[in-house]
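The next block holds one structure in the form of structure tokens; read it before the comments.
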Amino acid sequence: MASLTSVILDAADPTAADRFYADAFGLDAQVSARASTTLPTGFRGFTLSLVVSQPSVVNGLIDAAVAAGATTVKPATKSLWGYGGVVRAPDGALWKVATSAKKDKGPATLEIDQLVLLLGVEDVLATKKFYVGQGFTVGKSYGRKYVDFEMPSSPVKLALYGRKALAKDAGVSPEGTGPHGIAIGCDSGPFTDPDGFEWVKTSG
């Protein structure tokens with residue numbers, strides 16, 4: 001079974017980006033930054049999602065991110081599915097912090113239950129077929145709308161979403177130019193998917 005080991009984000013100042021992720025979210029091994037002078041403009045075609053246990057954790061992580069230099073894209077609020085909000089990191093990546101719970105059931109922490117990389121793709125079914133061919137196992141699949149993959153041993157989970165729908169969920173325009181600004185670390189590869197997302201082989 002294929003494993004997604006890490007996410008490498010393009011940044012003008014990778015040292016500052018690494019410090020942000022450590023300070024705001026406590027992420028180091030799962031997320032890192034690399035220097036780039038050709039950063040994309042507009043929507044990069046992906047979001048990163050932090051899944052947590054309750055609304056107070058959402059608020060705590062968003063507050064920590066803003067204090068570390070992020071900007072609010074969608075303030076945290078209740079919805080039909082739960083509670084969450086979106087911030088833009090100083091390097092430009094979009095982060096959604098969310099929970100399916102609508103009420104707190106315990107003390108507030110900054111603990112993250114799951115880190116999910118959502119790729120915005122043009123054809124969900126075609127891209128799903130591509131990833132199955134790369135050794136990924138489908139978990140949930142909702143036709144042409146959404147797919148996630150079974151990755152029990154991976155520190156980062158992978159999911160596919162329509163590009164326009166993903167941008168709408170994040171609260172931004174789907175328009176964007178230039179590279180995606182991300183490399184995805186895996187235990188196999190390298191390869192590039194049908195939407196131009198770059199995968200690189202990593203050691204762990």
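The values are calculated or read from the model by the stated rules, or taken from the named source; none is laboratory data. As the structure is a prediction and not an experimental result, all values here were calculated from the model. All Cβ positions, glycine included, derive from the backbone under ideal geometry; neighbour counts span all protein chains shown.
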If we scan region 106-115, do we find a residue that is outside any loop (DSSP other than H, G, I, E, B), under 30 Å from SER188 (Cβ atoms) and either out of contact with any Pro (no Cβ under 6 Å at 6 or more places or on another chain) or not small (Gly, Ala, Ser) (or both)?
yes
Note on region 48-62: residues touching a Gly at 6+ places or on another chain (Cβ under 8 Å), in a loop (DSSP other than H, G, I, E, B) and not small (Gly, Ala, Ser) are GLN54
Does region 63-73 include one or more residues that are touching a residue at least 60 places away in the same chain (Cβ under 8 Å), under 18 Å from the mean Cα position of the chain (by Cα) and part of a helix (DSSP H, G or I)?
no
Of the residues in region 10-43, how many are in contact (Cβ under 8 Å) with a residue 40 or more places away in the chain, of a type in the set (Gly, Ala, Ser), within 17 Å of ALA65 (Cα to Cα) and out of contact with any helix residue (DSSP H, G or I) (no Cβ under 6 Å at 6 or more places or on another chain)?
3
Among the candidates THR127, THR99, THR137, which residue alone is among the β-branched types (Val, Ile, Thr) and in contact with a Gly (Cβ under 8 Å, 6 or more places away or on another chain)?
THR99
When residues of region 106-129 are filtered for being buried (at least 17 other Cβ atoms within 10 Å of the Cβ) and not aliphatic (A, V, I, L, M), how many remain?
3
Taking SER141, is it without any contact (Cβ under 8 Å) to a residue 24 or more places away in the chain and touching a Lys or Arg at 6+ places or on another chain (Cβ under 8 Å)?
yes
Restricting to region 44-64, give me the number of residues that are touching a helix residue (DSSP H, G or I) at 6+ places or on another chain (Cβ under 7 Å) and either at pLDDT below 95 or surrounded by 22 or more Cβ atoms within 10 Å (Cβ to Cβ) (or both).
5
Considering only region 126-187, give the strands (runs of 3 or more DSSP E) lying wholly within it that have at least 1 residues that are in contact with a helix residue (DSSP H, G or I) (Cβ under 9 Å, 6 or more places away or on another chain) and not small (Gly, Ala, Ser).
137-142, 146-150, 157-162
Filter region 182-204 down to the residues that are of a type in the set (Gly, Ala, Ser) and modelled with pLDDT of 85 or more, then identify the one that is farthest from the chain's Cα centre (by Cα).
GLY196
Exactly one of GLY143, GLY189 is at positive phi and either exposed (fewer than 13 other Cβ atoms within 10 Å of the Cβ) or of a type in the set (S, T, N, Q) (or both), and that residue is GLY143
